[in-house]
Amino acid sequence: DTAGQERFKTITTAYYRGAMGIILVYDITDEKSFENIQNWMKSIKENASAGVERLLLGNKCDMEAKRKVQKERAVKLAREHGIRFFETSAKSSTNVDEAFSSLARDILLKSGGRRPGNSHKPPGTDLRACDKKNTSKCSLG
């Protein structure tokens with residue numbers, strides 16, 4: 001998590017060379033974090049493998065009252081880049097599993113594996129309601 005800070009740019013480009021999937025996260029309560037997504041998209045295009053799967057996440061959807069980035073803007077950006085979009089909350093675990101599973105399925109499909117259920121959604125926007133109640137918590141073990 002480097003939040004678009006310039007001093008980390010050379011470090012992060014080394015990490016996503018050869019990556020099969022990249023998750024771009026912005027904070028829905030922070031306009032600047034959303035604006036930085038365009039810079040990261042450009043950097044990925046310049047440094048990552050062609051065809052790398054990307055996923056856009058708007059985090060902190062549990063803080064709706066402090067929202068600065070409207071969902072429609074993120075949906076538009078995701079469509080322009082042909083990638084999936086989820087709004088998530090790391091705090092409440094809203095859509096976290098769904099987002100990671102979506103990226104993993106897309107990577108598996110691209111690498112020649114089969115997706116469970118025999119249905120493939122083309123890249124695009126996959127919106128889920130943010131008000132989903134989920135009591136599971138993240139754990140670093």
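Values in this text are rule-based calculations from the coordinates and carry no lab data. No experiment lies behind these values; they were computed from the predicted model shown. Every residue, glycine among them, receives a Cβ derived from its backbone with ideal geometry; neighbour counts consider all protein chains shown.
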Using the Karplus curve 6.51 cos²θ - 1.76 cosθ + 1.60 with θ = phi - 60°, work out ³J(HN,Hα) for each residue of region 33-49 in order, rounded to whole Hz, and write x for Gly and Pro. 5, 5, 4, 5, 4, 4, 5, 5, 4, 5, 5, 5, 4, 7, 10, 8, 4
Show me, for region 100-112, the HN-Hα J-couplings you get by feeding each phi into the Karplus relation (A = 6.51, B = -1.76, C = 1.60, θ = phi - 60°), rounded to Hz, glycine and proline as x. 5, 5, 4, 5, 4, 4, 5, 5, 4, 4, 5, 8, x
Long-range amide H partners of V25 with built H, under 5 Å: L57
Placed amide H near E87: partners under 5 Å, 5+ positions off or other chain: G58, R128
Got a sec? How would M41, M63 order by Cβ neighbour count within 10 Å, fewest to most? M63, M41
Can you give the direction-averaged projected area of the convex hull of the alpha-carbon atoms in region 6-110, in nm²? 6.6
Among 28-39, 87-98, how do they line up from the highest to the lowest mean number of other beta-carbon atoms within 10 Å? 87-98, 28-39
List the residues, sorted by chain then number, that are 5 or more residues from K68 or on another chain and whose placed amide H is less than 5 Å from its amide H. T29, D30
Under 22 Å between C-alpha atoms is the cut-off here; go through region 6-110 and count lysine pairs that meet it, provided they're at least eight residues apart or on different chains. 25
If you plug each phi of region 67-74 into the Karplus form 6.51 cos²θ - 1.76 cosθ + 1.60 with θ = phi - 60°, what whole-Hz ³J(HN,Hα) values come out, in order, with x for Gly and Pro? 4, 10, 10, 6, 4, 4, 5, 5
